[in-house]
Protein chains: 2
Amino acid sequence: MEPGYSSKQARATAQLRKGVLEYCVLALMRDRPRYGVELLAALEDSGALATSQGTVYPLLSRLRRDDLVTTTWQESAVGPPRRYYALTDGGRAALEEFTLLWPGFRDAVDAFLNVPRPSPGDPA
Amino acid sequence: MEPGYSSKQARATAQLRKGVLEYCVLALMRDRPRYGVELLAALEDSGALATSQGTVYPLLSRLRRDDLVTTTWQESAVGPPRRYYALTDGGRAALEEFTLLWPGFRDAVDAFLNVPRPSPGDPA
DNA sequence: GCCAGGTATCTTGCATCGCATGGAACCAGG
DNA sequence: CCTGGTTCCATGCGATGCAAGATACCTGGC
């Protein structure tokens, strides 16, 4: 990819990620511990939230600093050891808070943009 | 209000606004020019995107700097003159680009959070 | 033994943007 | 003149995504 924000989309999505990435990463750890490159690949697969190591590792450090995750080293058969990240109770609580917060934010933006959304009980 | 982010929600929503506020403000100008305090009130009414003057005015300066809006002064019967902001062609294009970009981002976050959304053609 | 390539982790410096705070100008009423 | 409401703007800070680079482990070829 070209570095340096050649398109407006790139700049827009970069700003969009702020604050959301943290909780998407927490969400990925909901069912089982994950390690850095694994998280990176999952975000890549999502398309809209693809990012880089330089974003994910500082983010993971912050999560650890704030006691939202704990980490354990685990050996790998195919490379260097991996640091697995798992949710703490605090991390799980933060994820749930955000999950409650998100729909309101999402719907507000939809309303401003006049994006039609399928709503179950909309009038006519 | 207590300064300094006493709650996690406040911090989360603050980060959430980044990059979205710009386009919601542009969207508010879609039908007619608006002035600063008017935009502030509209954001306040939305609830989830309520913000302050210290956020909106620097944002409007950036929009003007990037030629996404033009401004005209207009006298007011009840106070000092108002600076009305109107979309340029570039601003309208940026808004349309973002309107196309947003659903993909929104749906990606929904997927990570496992937030169920009503979809027209979901299987059973 | 040595080097190349893939896997995996982390750091540094920068740019962007929301926000609290404070200031300035205009107008009306007492 | 002075208070209060309305409207505009600037400054400094904190948080965060990102490009670029550094470090370390493992396997395989020579």
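The values are calculated or read from the model by the stated rules, or taken from the named source; none is laboratory data. Given the structure is predicted, the values throughout are model-derived calculations rather than measurements. Backbone-built Cβ (ideal geometry, glycine too); neighbour counts: all protein chains shown. Each accessible area value is taken on the protein alone, full model and side chains, heavy atoms only, with ligands, DNA and RNA left out. Shrake-Rupley method; radii C 1.70, N 1.55, O 1.52, S 1.80 Å.
The numbered conditions (1) touching a Gly at 6+ places or on another chain (Cβ under 9 Å); (2) within 16 Å of DNA strand C (Cβ to nearest atom); (3) among the β-branched types (Val, Ile, Thr) are all true for B:Thr51 except (1).
Considering only segment A:59-73, I want to know if a residue exists there that is in contact (Cβ under 8 Å) with a residue 60 or more places away in the chain and more than 9 Å from chain B (Cβ to nearest Cβ). Full working, then the answer.
Taking segment A:59-73 and keeping what is in contact (Cβ under 8 Å) with a residue 60 or more places away in the chain, we get none.
The answer is no; no qualifying residue exists.
Go through segment B:9-44 and give me each residue that's under 13 Å from the mean Cα position of the chain (by Cα), in a helix (DSSP H, G or I) and aliphatic (A, V, I, L, M). B:Ala14, B:Leu16, B:Leu21, B:Val25, B:Leu26, B:Ala27, B:Leu28, B:Leu39, B:Leu40, B:Ala41, B:Ala42, B:Leu43, listed by residue number. Hey, does segment B:29-45 have a residue that's open to solvent by less than 20 Å² (accessible area, probe 1.4 Å) and near DNA strand C (Cβ under 10 Å from one of its atoms)? Taking every residue of segment B:29-45 in turn, at least one turns out to be open to solvent by less than 20 Å² (accessible area, probe 1.4 Å) and near DNA strand C (Cβ under 10 Å from one of its atoms). Going by the conditions given, is A:Val20 away from DNA strand D (no atom under 14 Å from the Cβ), surrounded by 15 or more Cβ atoms within 10 Å (Cβ to Cβ) and within 14 Å of chain B (Cβ to nearest Cβ)? Here the answer is no, as A:Val20 does not meet what is asked.
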